[in-house]
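The values are calculated or read from the model by the stated rules, or taken from the named source; none is laboratory data. No experiment lies behind these values; they were computed from the predicted model shown. Methodologically, a virtual Cβ is constructed for each residue, glycine included, from the backbone with ideal geometry; neighbour enumeration extends over all protein chains shown. These accessible areas exclude ligands, DNA and RNA; they are computed on the full protein's heavy atoms, side chains included. Shrake-Rupley method; radii C 1.70, N 1.55, O 1.52, S 1.80 Å.
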Amino acid sequence: MTDKKTVALAFSGGLDTTVCVPLLEEEYDYDEVIGVTVDVGQPAEEFDEAEETAEALDLDHYVVDAKDAFAQQCLDAVKANATYQGYPLGTALARPVIAEAILDVAVENDCDAVAHGCTGKGNDQLRFEAVWRDSDLEVIAPVRELGLTREWEMEYADEKDLPVEGGNEGDWSIDTNLWSRSVEGADLEDPGYVPPEDIYEWTDAPGQKTTEDGEFETIEITFEDGYPVAIDGEEMPEVQLIEYLNDLAGSYGVGRTDMMEDRMLGLKVRENYEHPAATTLLNAHEALEGLVLTEEERAFKKQVDQQWAEKAYEGLLSAPLVDALDGFVDTTQQKVTGTVTVKFEGGQARPVARESDYAVYSESAASFNTESVDGIAQADATGVAKYHGFQSRLANEVAANAEAKKAELLTDGSGDESSEEN
Ligand code: ARG
């Protein structure tokens, strides 16, 4: 074997990763760069772009299909109702999957290093490197390490005659995968800027579409152990189920988020997302949990879910904490089996009916219509009603008495003191 130094680069064919190719040779002395594009459900044009750019750069280029692994990861996130500040974590969940796939290619090709084109301001550098630094390979981040700006990259690309004109970017910086489409940058960086309708590609303007008879459409989602398995009774593999819901719910304008996101480095950044399937599945799943979990399971699970989502945002789902959280999540999900009917209306995916063999529900006990035999008899509740809030009433009364006593002492005492002092 030669002592040729090789680096595997996360490659999209966009400006950042394109300038990284010559820079890894010039600035980091690598003899060979391998480009790796990982398929987590980006649109076909992005692969064409990556392919064309790689060819023009004469770059050894690999495309790895990780759609199934990623789809499973997304549906695992549904079990934990995972969102971060309202964002269903599409980019965050994808990064470790992409990083793993690149590492596999790097190891297979005896690479000495792995590299990404992330800037030093975002979250993705942290998510990639958390995976890569668990290996013996060197980790290189040219854009961050050389302090590159977009302007500099553009000039450099021009100078070197690099193939960057196509560019998927246009005005915005876009990150698309099965679970979400994220749009950021340019005018959108200003939190006070109202985004034009054309930043959206997955969602039509909400509130427009109805079915032919002017109705809003409903669908039935079947869950098994917290995992969505069928739509309107038809079983679908994960990737297909997510794609189907993105199309359908997106046509009703479901799943737009416009938010201020607190990044890991402490920056607040304005982000826009589209995630029709994620919103639909998360809403349906939570509705089913509402039927089958006890009140205290639901309350505790909120805390578990919150922790899970934070680790997902950080790209740290491999943390031991998450194994422990998964233990709780999976135990609760054994009962999350059933169907939820979701209605698409006004840009929402609203659960309107739910059914499960595990329903913690007794119609005769809860009904207004009958005096129940197996549940609460109305008269029995009198004692409960009498003492409901007892402690608070007592505490308020005690506090009022104590205040009155203090006021009394003050008027008595202050009279004496003031006369003495004056
Ligand atoms: N801020 C989001 C995250 O950290 C998504 C960033 C997506 N990137 C983009 N270029 N649009 O998960």
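At-a-glance table
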{"item": "Where the stretch 303-416 is the region considered: accessible area per residue in Å², 1.4 Å probe", "result": "69"}
{"item": "The chain: most fluctuating residue of D380, D48, D187 per GNM, C-alpha cutoff 10 Å", "result": "D380"}
{"item": "Entries in K79/K121; K268/K301; K121/K311 that, when Cα-Cα distance is taken, lie over 24 Å", "result": "K79/K121; K268/K301"}
{"item": "Positive dipole terminus of the chain, leading residue within L316, A106, P196 (C-beta point charges)", "result": "L316"}
{"item": "Relative contact order [Cα under 8 Å, 6+ residues apart], the chain, whole percent", "result": "16"}
{"item": "Listed residues A44, A106, A80, most fluctuating in the chain (Gaussian network, C-alpha, under 10 Å)", "result": "A44"}
{"item": "Portion, in percent, of the accessible area of the chain that falls on carbon or sulfur, probe 1.4 Å", "result": "47"}
{"item": "The chain - charge dipole about Cα centre, Lys and Arg +1 at Cβ, Asp and Glu -1, debye rounded to 20", "result": "2140"}
{"item": "Accessible area per residue in Å² at 1.4 Å probe, computed on the stretch 114-180", "result": "51"}
{"item": "Sequence ranges 205-215, 68-78, ranked by mean other-Cβ count within 10 angstrom, highest first", "result": "68-78, 205-215"}
{"item": "Rounded accessible area per residue of the stretch 227-271, 1.4 Å, Å²", "result": "43"}
{"item": "Candidate aspartates and glutamates for bridging to K343, where Cα separation is under 14 Å - those fewer than 8 sequence places away on the same chain excluded", "result": "E215, E217, E220, D232"}
{"item": "Amide H contacts of E345 (H built 1.01 Å from N, under 5 Å, at least 5 apart or other chain)", "result": "R350"}
